[in-house]
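Below is one structure, written out as structure tokens, with a few remarks after it.
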Amino acid sequence: MKKILLVFLALVTVFLVFTYLSVSGDRTENPICDLVNLDSIANIDFHQFDSVEVTASQFYDADLIKTWMQGENYRTSWSTPVSLPILWLDTFSGGLTVLEEGGGQQTQSLDLKDTHGVVYSLRSINKNPDPLIPEVLFELGLQNIVNDGISAQHPFGALVAASLAEAAGVIHTHPRPFFVPQQKNLGAFNDKYGNGIYWLEYESEGQVNWTHLDSIVEIVDTDDLQQMKMKLGPQITLDTTSFIKARLFDFLIGDWDRHAKQWGWALQKIGNRIRAIPVPADRDNAFFNIDGIIPTIVSLPLFNPELRSFEREIDHLPGMMEDADIYFLKNMPGALFIQAAEDLQSALTDSIISARIKNVWSMELYNIEGRNFTNIITARKNDLQQYAEAFHQYLEEQPYLNQPMTGSEDLQLPSTLIQCFECFQ
């Protein structure tokens, strides 16, 4: 017994030594993009350029020990130069006006409105997870393990997600990457937001219909949808088929972060009734890929069941589930899940998957991860009916909710509307 204990203590000691070696020499500043072939950014007149070449960040560069302990992830893609167009707020879509700053914990974001009343979101590609890091990690000097974990997000994965969604018939917010120089139209946010790279995409709530759908009267967030249900009862219903399809699409692209605040709802007026059609937003965690000793341990289902890596097989399907699934989809016929899976399989043929990925990435990015993405998505697509069946079975085994779903904790709702959307009549 004593020998076993000594061996265990020796292994723990070795693990700690390599952990500290992996974070030694880490950059301490927040991740930022790096301009390529340009001198001091303060002396550049960006009006002379249509685009700039940037690397998303050199923050995640790693030596052999760091890669071994914390994973290769998407480090190469983060440091690969790409050409991005320049965004000037005063000229895009007739001119964009800053409305307010968003409240994301890792992502800097601004809500913008154009002259037609369409609302956009400007969301940083670089992330700062400091607000989510436990104080104990700062005290131990290990906070950069969490910062480095952002390298598991592909900096330009949202382009692939949107292109595949288009082919699959799933609504998306049309994200486009831009370099945003400092400019007066950023106003008080100029210093904080200027000279960075961002997604510009449609906001998943607003008064103006930017979707391809007809008779959309408004796009609302999940909280507003629940409050409308409280007022309108059976007059407002969920487009269940579209939501199942959107959730199975999440499985294909490995997007495990789909809580209630990640959805908007396009309200389609049909006679005196309203149908709520799901609008998926925020694809930061699509294609989330982790390896290395520390992330592998942290992502074990025992510790973090929701932290699933983008691999050929979904190794722990319950980790892909959200309480929003129970809330909106419990007691729905199993045939709807199978049909949605078949529709996605028909729409996303092997050749379409390959072409869509190749067409939205530069050749440099495609050569790094393009074929791997194609192979993984194709494998998941081939098994999608099995995942659909397991998804439906999981939902039927779960009880109705007895507390507000994640992302809607602040609402005061009657008990029946807390349980599920269609429970309230």
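Every number in this text was worked out from the coordinates using simple rules, so none of it is lab data. Note that the structure is predicted; figures quoted are calculated from it, not measured. Cβ atoms come from the backbone with ideal geometry, glycine included; neighbour counts cover every protein chain shown.
Helical runs (DSSP H, four residues minimum) scored at -39500 (n - 2.57) apiece and divided by the length of the chain put the mean residue ellipticity at 222 nm at -10500 deg cm²/dmol.
Look at 107, 378, 97 and count the other Cβ atoms within 10 Å of each Cβ; fewest to most, that gives 97, 378, 107. Under a Gaussian network description of the chain, with springs only between Cα atoms under 10 Å, the residue in 60, 74, 366 that fluctuates furthest is 366. As a rough footprinting exposure proxy, the listed residues 279, 82 were ranked by other beta carbons within 10 Å of their own, and the order from fewest upward is 82, 279. For the chain, the Cα gyration tensor yields ellipsoid semi-axes of 34, 30, 21 Å (square root of five times each eigenvalue, largest first, whole Å).
Per-residue Cβ neighbour counts within 10 Å put 174, 154 in the sequence 174, 154, beginning with the fewest. For the chain, the share of DSSP beta bridges that are antiparallel, to the nearest 5, is 90%. Between 126, 382, 402, the residue with the greatest mean-square fluctuation in the GNM of the chain (Cα pairs under 10 Å linked by springs) is 402.
Placing +1 on the Cβ of every Lys and Arg and -1 on the Cβ of every Asp and Glu, with nothing else charged, gives the chain a dipole about its Cα centre of roughly 580 debye.
The charge dipole of the range 210-425, taken about its Cα centre with unit charges on the Cβ of Lys, Arg, Asp and Glu (plus for the first two, minus for the last two), comes to roughly 560 debye. Of 302, 252, 232, the residue with the greatest mean-square motion in the GNM of the chain, using alpha carbon springs below 10 Å, is 302. Specify which residue in the list 91, 416, 136 is farthest towards the positive end of the charge dipole of the chain, using unit charges on the beta carbon of Lys, Arg (+1) and Asp, Glu (-1), about the Cα centre. Checked the options; the winner is 416. Between the alpha-carbon centres of the range 317-390 and the range 154-232 there is a gap of 22 Å.
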